[in-house]
Amino acid sequence: MRSPIRTVLTKSFAWRFYKEHSGILIFFFVTVISYCFFIKTAGIYRKEESVFYHLMLMMTFLTSPAIMVAVFVLWIFYTVKSWQFIGQELKKNQFKFLYYSITSSSKAAQFFAWCYVQLMISLPLIGYWLFATILGLIYGSFLIPAITFVFILILICLSALVYLKFTNQLERSNSNSVLLQLISGRKKNISTLFLYQLLNSGKLSFVLTKLFSCLIIMGMINISAMALNDDRLPLIFILAIVTAHSFLIYQSNYFQENKLRLMRNLPIGRFQRFISFSMIWFFLTIPETLWLFSTFPLRTALNSVFTGLSIALLFNSLPLLTGLRIFRYLIWVFAFFVLLFYGLVCGGSDLIAFVCLTIAYLIFFNRYYKPPQISL
């Protein structure tokens, strides 16, 4: 017989968690699947080696100890994000009844009910573990699947204890985060307000993006170790980096439309508004930019950084066309990624930056004062 406590908690929090975070979950799922199955090798591997290359990429993603550590760190942030979400939801008036209803049950019943809720929230983790287990059965590698199972179990039990503490204390502190306390009272440039928003309430998105950037850099290091002197490599790298950051670019637009909608009434020129995103992009990609300058010649690195900024400005203008609909936005991003990738591979690197800047400005100039609908 299904527990009524478990049913109420699952419908109140687990499914709401997926609804609230569906955008970023779908984005990273589509990005990883597209990378593993559809990425081209830019002539590095022969055509007959392509299937083997993709299989080895998937195997490395699921069985490498280094990747396992990176995935575990990602899962920790994912779990902490679920704690923050449920903690914030419990503060809402519509869930105040839980403090006087489920707490009448025993601590053990509450614990197992919260375990089930976290199990539902952790379905992406379970899917990863099942995939790793299947590959382990096929290739005789059982250590990482076993460690992964234990790690997921620990996260679920720890989460249940955290939720148990939430619901069994009547009042919690509503003090601001440490970040808000540090930056309060300081002057802030209006163009960089999104960075404060990102560090305050978008830490999961930021960390996931940077982890994906680390995977891209690791891939580039392995390619560079093959002593391939191809001027297209840093441009393909920066294209991958911009695509990995496209969800943060979307969040920047969503933040402006929700919190800074009155900016359109300020006496600021359209061109100045257009390039204002450059400052955000500079701060977001400091690690990747430093790696570029430390790996490639100065001229090549400067060209790559400028090309990346041009592509980022293009992606930043796309929400003016898509109406802040995340799925439509991702389709446009994927379409431009494919076009730009083949353009770079076919030797069109000299025109990429100019074309992207032109398209981005034309979209921005014609659509900025026709604000999109705020919808997903």
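The values are calculated or read from the model by the stated rules, or taken from the named source; none is laboratory data. All values derive from a computational prediction rather than experimental measurement. Here the Cβ is made from the backbone with ideal geometry for all residues, glycine too, and neighbour counts use every protein chain on show. Accessible surface is based on the protein model in full, side chains and every heavy atom, while ligands, DNA and RNA are left aside. Shrake-Rupley method; radii C 1.70, N 1.55, O 1.52, S 1.80 Å.
When a/c reaches 1.5 or more, the comparison of a/b and b/c decides; with that in mind, is the range 210-302 rounded, prolate or oblate per its Cα gyration tensor?
Working: a/c = 3.57, a/b = 2.21, b/c = 1.62.
Here the range 210-302 falls in the prolate category.
Rounded to the nearest 0.05, what FRET efficiency do residue 306 and residue 108 have when you use their Cβ-Cβ distance and R0 = 56 Å? It would help to have the intermediate numbers written out before the result.
Details: r = 61 Å, r/R0 = 1.08.
According to the calculation, E is roughly 0.40.
Could you give the dipole magnitude of the range 229-376 about its Cα centre, charging the beta-carbon of Lys and Arg +1 and that of Asp and Glu -1, in debye to the nearest 20?
Details: 11 positive and 5 negative charges, 149 e Å.
That gives the range 229-376 a dipole magnitude of about 720 debye.
Give me the one-decimal nm value for the distance between modelled label points at residue 255 and residue 279, 7 Å along each residue's Cα-to-Cβ direction.
1.3
How large is the accessible surface per residue of the range 208-299, computed with a 1.4 Å probe and reported in Å² as a whole number? Please report the intermediate quantities before stating the final value.
Values: 4570 Å² over 92 residues.
Heavy-atom SASA per residue in the range 208-299 reads 50 Å².
Distance in nm between label sites at residue 221 and residue 368, each 7 Å beyond Cα in the beta-carbon direction?
4.0
With a sphere of radius 15 Å drawn around the Cβ of residue 318, what net charge do the other residues whose Cβ falls strictly inside it have (Lys, Arg +1; Asp, Glu -1)?
Working: positive: 325, 328, 367, 370; negative: 257.
Net charge in that neighbourhood comes out at +3.
Rounded if a/c is under 1.5, else prolate if a/b beats b/c, else oblate: with a ≥ b ≥ c from the C-alpha gyration tensor eigenvalues square-rooted, which is the range 233-376?
Numbers: a/c = 1.89, a/b = 1.61, b/c = 1.17.
Because a/c hits 1.5 or more and a/b exceeds b/c, the range 233-376 counts as prolate.
Which order, highest average first, do 102-111, 193-202 follow once you tally other Cβ atoms within 10 Å for each residue and take the mean per peptide? Let's see the in-between values first.
Details: 102-111: 13.6, 193-202: 17.5.
Ranking the peptides 102-111, 193-202 by packing returns 193-202, 102-111.
In what sequence, highest mean first, do 87-99, 258-270, 310-322 appear when ranked by Cβ atoms within 10 angstrom?
310-322, 87-99, 258-270
Can you order the peptides 125-131, 300-306 by their average number of other Cβ atoms within 10 Å per residue, highest first?
Values: 125-131: 16.4, 300-306: 18.1.
Packing proxy ranking, top to bottom: 300-306, 125-131.
Just check the range 72-130 against the gyration tensor rule for me: Cα atoms, a ≥ b ≥ c as the square roots of the eigenvalues, rounded for a/c under 1.5, and otherwise prolate or oblate depending on whether a/b exceeds b/c.
Working: a/c = 3.01, a/b = 1.64, b/c = 1.84.
It comes out oblate by the Cα gyration axes.
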